[in-house]
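Values in this text are rule-based calculations from the coordinates and carry no lab data. Please read all numbers here as calculations on a predicted model, not as lab measurements. Note that each Cβ is placed from the backbone with ideal geometry, even for glycine, and that neighbours are counted across all protein chains shown.
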Amino acid sequence: MRHAWFQTTLAIAVASASCQLMANGLAINEQSVSSMGTGFAGRSSSAQDASTVFGNPAGMSRLERAEVSGGVAAIKANTDISNGTSPVAGTNKGDIAPEAAVPFGYYVRPLNDKWHVGLGFYVPFGVISDYESSFQGRDLGLYSKVQVMTLQPTLSYKLNDRVAIGFGPTINKIDGKLTNNPLAAMGSPAEVNIKGDDIGYGFNLGVLVDVTDRLAWGLTYHSKVDYELEGRVRATDFPAQRPVNGSYKATLDFTSPESADTSITYKANDKWTLYGGATWTRWSRLQEIHAINNGPLDPREELNWEDTWSYAIGMAYQVNPSWVLRGGFTLDESPTSNADRTVRIPVSNRKIVSLGAGWNISRDWTVDVAYAYLRESKGSVSQVNHSTGTQYSADYRNSAHGAGVQLTHRF
């Protein structure tokens with residue numbers, strides 16, 4: 001028995017509602033506050049501290065001493081919904097993303113002149129979307145949460161004085177949950193609640209080249225990760241004529257996309273350093289989602305996402321040996337468009353302005369801080385509930401403030 005209305009599967013929770021984050025789709029950029037200050041331009045070519053374990057594992061070869069670096073970034077998002085229309089009575093309050101905190105931590109140690117070893121913990125994907133219970137589009141989505149935590153042991157090798165390579169396998173734990181009320185148009189309190197989790201494996205690979213004494217080039221590849229999420233689908237309060245109520249085992253194959261980041265770092269003089277970078281992400285892997293369960297449901301949804309590019313420029317000014325000031329600007333493409341955007345994925349093209357600073361308290365301690373403001377283009381949602389035939393349409397405008405702090409200790 002097919003129920004087209006059951007289109008909000010666990011994978012939609014995974015691939016949704018990332019408007020509160022500083023990267024598009026469902027990705028998170030906040031794995032380093034020192035990189036955040038330059039808009040993540042130069043992320044694969046600068047190797048400023050131990051967070052290079054994520055940015056470019058080859059960059060560990062530049063660290064002369066052992067380092068521990070960790071921090072947190074806080075995100076506060078705003079979502080304005082206007083021109084909402086639907087036969088379903090309800091509200092469109094917006095601000096669907098609660099405040100979020102993104103932690104990270106890294107350790108790097110030189111083994112000898114050629115080899116470095118490192119370990120990283122970070123969050124590459126993670127979103128929360130929480131509409132009010134009376135949301136006019138609640139038949140299409142109410143609550144979504146996904147969290148991916150990654151552990152990455154890493155090695156780097158210095159081929160010669162100018163070229164280094166690095167590699168790190170990744171162990172990724174994913175958890176997801178979502179709810180919706182698919183029969184809201186019929187006045188039913190029916191609710192669908194889905195949970196699932198899995199562990200997937202991938203790798204990060206990087207190369208870092210000192211082209212000249214002033215110019216460095218880096219390339220980092222983050223692999224895809226295959227997941228087979230296992231969990232349960234729970235349906236409650238459906239009308240008696242719809243024998244759906246119950247709890248069913250469910251599995252879903254999902255692949256997070258690979259990405260490639262390339263950048264340059266140019267040290268113009270003792271004061272100024274310039275950065276430029278581009279990131280390609282293969283979001284086209286998310287074409288269709290199909291969840292398999294042992295109940296009377298056959299959930300399937302087309303996403304039709306497209307590959308994206310993100311571009312960033314940045315600069316740093318060394319005020320004195322203790323202080324450095326940073327700034328950056330980023331253009332970030334959306335993987336979806338007006339034709340396919342949904343209430344769970346209301347993202348559009350973005351512009352991000354970043355500011356940051358680093359303070360060398362001593363030879364052994366550094367504190368980095370950063371602030372970023374994100375503004376999206378207006379995006380339209382026009383989504384149909386295929387069970388009831390009702391359509392929800394609205395205009396979304398997202399923005400976000402992000403701030404982070406990072407502490408690095410060398411020994």
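Structure above, values below:
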| read-out | value |
| --- | --- |
| Dipole of region 187-295, positive end: most advanced residue of V207, H222, V233 [Cβ charges, Cα centre] | V233 |
| Ascending count of other beta-carbon atoms within 10 Å, so fewest first, for R326, R43 | R326, R43 |
| For region 37-51 and region 121-179, distance of Cα centres in Å | 19 |
| Net +/- balance of residues flanking S377 in space, Cβ distance below 9 Å, scoring K and R +1, D and E -1 | +4 |
| Net charge of Cβ neighbours under 10 Å - reference R65; Lys, Arg +1; Asp, Glu -1 | 0 |
| Ranked T279, T236, criterion: other C-beta atoms within 10 Å, fewest first | T236, T279 |
